Amino acid sequence: MFNTINPISINKFYQDELIHFKKRHPKSSKSKLNLSNIFFNKYPMNWMADWSLPFLPLIQKAQGSQISDIDNNFFDDFCLGDTASMFGHSPKAVSNILKKQLSNGFAYMLPSHDAAEAGVNLNRVFGKYQWQIANTASDANRFAIRVVRAVSGKSKILVFNGCYHGAVDDTLVELKKNKTVNAQGLTGQVYDLSKGTVVAEFNNLQQIESLLKKNNIAAVLTEPVLTNCCMVLPDKNFLEKLIKLTHRYNAFFVLDETHTISSGYGGYGRQHKLKPDLLVIGKCIASGITSAVWGMNDRFSKLYSNYLKSKKEGRSGIGTTLSANPIQFASLNATLTKVITKTNYKKMELGAKKLEIGLNKIIQKNKLDWHVVRVGARVEFICSPGPLKNGTEALKAHKPKLERAIHLGLMNRGTLIAPFHNMMLISPVTYDKQINKLIKNFDAVLQNLI
Ligand SMILES: Cc1ncc(COP(=O)(O)O)c(C=O)c1O
């Protein structure tokens, strides 16, 4: 028999933890940010509201795998900027290079020698592509979508239910009663996004094929593992079959590795010998300095060059002023040569395995029908039975009130995990003792809830 956690104990625990939280953050609670309306709703960025706290702690410093706030609270950081700092905060190799670049200009609209180096470094780590630099993975996905539509002359893309590819209108859709609709809650979206996108369930090749047959699909865009609902792993050979199917219907395959770069050196695609037509990576690719990259394989880049030769003159609508700036290239190169190393990935994987095993033990000890999923350095506990097959199952598995209580309980005990789902990352500079403490804190929180 499994234990269940009742809503009354969740609420009581959360309220008690809020009292502790307020006591532990007197300076943050009285800060300008939290007392006045200088930022809309107190948050400098929308997503920060997801911490579900009455006010946010103000961060003083982040170094390696630790982050501290103005009230002198220290946290072992397993959120790591929601992947932006997956390799640790301010890696020395990157901050040293940045110090040099800082007196050589921030933005030129012209490349430097570093740009050429970055291309070579990207190819060494991810395989042979022709690259473009963007500021965010959202931008990179948006541009990838534009070029697949341009080259194929087809209008629609196919994405999966439960996906997230950034602030990209075309992908902010979901399945409702088996129909593609605008995702619930979109602000100010006036277009029917189903005109340009169809949604399928992950791991459902039959449904995907029928959609490819019926629609004019330019590309399938996916993460190799759904990471933005509760994590969903691909069935054995699902991705290989998906790529073949996509090509059979003359569509392109775009792989978004923004999160799954956690998988190992070169990302999930390289680890599993997948060959996407386009590849997108963002967040930690330059150790958290605003950067993203998108690459096109040989076949696609030739098709894109031909398209460009035949296209009418005028703005392409691809690119932004600040992308491909020298700060990005300096941090990209330092990250790709000194931070993204096989040795670092080995350390990350070892630590993540330790965390996975530890959390599973605590779940079993507390007789809960929960499960843990790991993709390289990325670990998530899911407060429902698993494994999950698709986005619909993943969205049902999500338990917002329970998760928010666990997050706060962990935070008050000095362990920070992502406010989105129950995501934890192991950096190359995460210590074993921090992992042990997280496991111990997880147990302590559960003891309070059961
Ligand atoms: C898989 C994936 N792609 C793209 C993005 C967009 O990244 P950004 O917010 O840095 O543009 C995200 C953000 O969470 C993501 O999870």
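The values are calculated or read from the model by the stated rules, or taken from the named source; none is laboratory data. Just so it is clear, the model here is predicted, and its values are computed rather than measured. Don't worry about glycine lacking a Cβ; one is built from the backbone with ideal geometry, like all the others, and counts go over all protein chains shown. Side chains included, ligands, DNA and RNA excluded: accessible areas come from the protein's heavy atoms. Shrake-Rupley method; radii C 1.70, N 1.55, O 1.52, S 1.80 Å.
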Practice task
Scan the stretch 321-329 and give yes if some residue there is within 16 Å of the ligand (Cβ to nearest atom), touching an Asp or Glu at 6+ places or on another chain (Cβ under 8 Å) and within 19 Å of residue 116 (Cβ to Cβ), otherwise no.
Solution key: yes
Handout entry: Residue that is most open to solvent (accessible area, probe 1.4 Å), among those in the stretch 429-450 that are among the β-branched types (Val, Ile, Thr) and under 30 Å from residue 92 (Cβ atoms)
Key = 429
Practice task
From (1) closer than 21 Å to residue 239 by Cβ; (2) within 15 Å of the ligand (Cβ to nearest atom); (3) assigned to a loop (DSSP other than H, G, I, E, B), pick out the condition that doesn't hold for residue 203.
Solution key: (2)
Practice task
Please indicate, with yes or no, whether at least one residue in the stretch 119-128 is more than 26 Å from residue 377 (Cα to Cα), surrounded by fewer than 21 Cβ atoms within 10 Å (Cβ to Cβ) and within 23 Å of the chain's Cα centre (by Cα).
Solution key: no
Completion exercise
Just one listed residue, out of 285, 289, is within 16 Å of the ligand (Cβ to nearest atom) and free of Cβ contacts under 8 Å to residues at least 60 places away in the same chain, and it is 285
Completion exercise
Residues of the stretch 22-56 being modelled with pLDDT of 95 or more and touching a Ser or Thr at 6+ places or on another chain (Cβ under 9 Å), in sequence order, are 22
Exercise for the section: Filter the stretch 213-242 for residues that are out of contact with any Leu (no Cβ under 7 Å at 6 or more places or on another chain) and of a type in the set (Lys, Arg) and give the result. Expected result: 213, 214, 236
Exercise for the section: Tell me, please, whether a residue that is open to solvent by less than 70 Å² (accessible area, probe 1.4 Å), within 16 Å of the ligand (Cβ to nearest atom) and under 23 Å from the mean Cα position of the chain (by Cα) can be found in the stretch 359-371. Expected result: no
Handout entry: Qualifying residues in the stretch 413-428 (those that are open to solvent by 10 Å² or more (accessible area, probe 1.4 Å) and farther than 19 Å from residue 69 by Cβ) - the one farthest from the chain's Cα centre (by Cα)
Key = 428
Exercise for the section: Looking only at the stretch 254-282, count how many residues are assigned to a loop (DSSP other than H, G, I, E, B) and either among the small types (Gly, Ala, Ser) or within 16 Å of the ligand (Cβ to nearest atom) (or both). Expected result: 8
Practice task
Looking at (1) part of a helix (DSSP H, G or I); (2) touching a residue at least 60 places away in the same chain (Cβ under 8 Å); (3) in contact with a strand residue (DSSP E or B) (Cβ under 8 Å, 6 or more places away or on another chain); (4) surrounded by 23 or more Cβ atoms within 10 Å (Cβ to Cβ), find the lone condition where residue 410 falls short.
Solution key: (2)
Exercise for the section: For the stretch 312-320, state whether one or more residues are out of contact with any Lys or Arg (no Cβ under 9 Å at 6 or more places or on another chain), modelled with pLDDT of 95 or more and aliphatic (A, V, I, L, M). Expected result: no
Exercise for the section: Check the stretch 393-401 and report whether any residue there is without any contact (Cβ under 8 Å) to a residue 40 or more places away in the chain, in a helix (DSSP H, G or I) and away from the ligand (no atom under 16 Å from the Cβ). Expected result: yes
Practice task
Please find, among 220, 254, the residue that is under 20 Å from residue 172 (Cα atoms) and under 17 Å from the mean Cα position of the chain (by Cα).
Solution key: 254
Exercise for the section: Go through the stretch 187-224 residue by residue and tally those that are open to solvent by 60 Å² or more (accessible area, probe 1.4 Å) and not hydroxyl-bearing (Ser, Thr, Tyr). Expected result: 8
Practice task
Just one of (1) within 15 Å of the ligand (Cβ to nearest atom); (2) assigned to a helix (DSSP H, G or I) trips up residue 212, so point out which.
Solution key: (1)
Exercise for the section: Please enumerate the residues belonging to the stretch 225-239 that are within 21 Å of residue 180 (Cα to Cα) and crowded, with 24+ Cβ neighbours inside 10 Å. Expected result: 226, 227, 229, 230, 232
